[in-house]
Amino acid sequence: MESFLGLLDQAAEALIKSRFEELSLITERKAELAERITLLEQEREQRQQAVGFGPGREGGDAVATASGSDAQQVWHALLKSAAQARDNNHRNGIMIHTHLDFVRRSINYLRAHGQSLYGADGKHQVGLGNGHCLASG
């Protein structure tokens, strides 16, 4: 879970600092860890049911209680990390949607005011739509 939380923090930092090129690798690594976490959760549920406890969090709570204070501490730390991951992932989602909304609004503004983003030659137009290439001086 700590690695997953670290990736969520890396994604937040990349979003804040507009280092969007980093997001693909972070997202790929996050997906791999999420898959691993899901497999571990399924294994935990199978094991707790195999020894007579119910599925889900209620079963996990019961196993931790039956297993003593050390198990309860580990279980509560896991639940706390999972809640933090959920919150951090939600925060990142909000940042992504806010950025996308800003980009959409900017493009719509430019289009509404007759400013083309690209000239007839396919080159990005700079400034007030004069179409000059930065390298042309």
Note: among 31, 14, 77, just one is modelled with pLDDT of 95 or more and more than 26 Å from residue 96 (Cβ to Cβ), namely 77
Let me confirm something: among 117, 100, which residue is of a type in the set (A, V, I, L, M, F, W, C), under 27 Å from residue 15 (Cβ atoms) and modelled with pLDDT of 80 or more? 100
Just give me the residues in region 39-65 being surrounded by fewer than 16 Cβ atoms within 10 Å (Cβ to Cβ), more than 28 Å from the chain's Cα centre (by Cα) and not in a helix (DSSP H, G or I), in sequence order. 51, 52, 54
If you go through region 1-38 one residue at a time, how many are over 20 Å from residue 76 (Cα atoms), crowded, with 16+ Cβ neighbours inside 10 Å and of a type outside the set (S, T, N, Q)? 11
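Being touching a helix residue (DSSP H, G or I) at 6+ places or on another chain (Cβ under 8 Å) and over 14 Å from residue 92 (Cβ atoms) is the filter here, so list the residues in region 30-40 that pass it.
Result: 33, 37.
The values are calculated or read from the model by the stated rules, or taken from the named source; none is laboratory data. All values reported here derive from a predicted model rather than from experimental measurement. Using ideal geometry, Cβ is built from the backbone for each residue, glycine included, and neighbour counts are taken over all protein chains shown.
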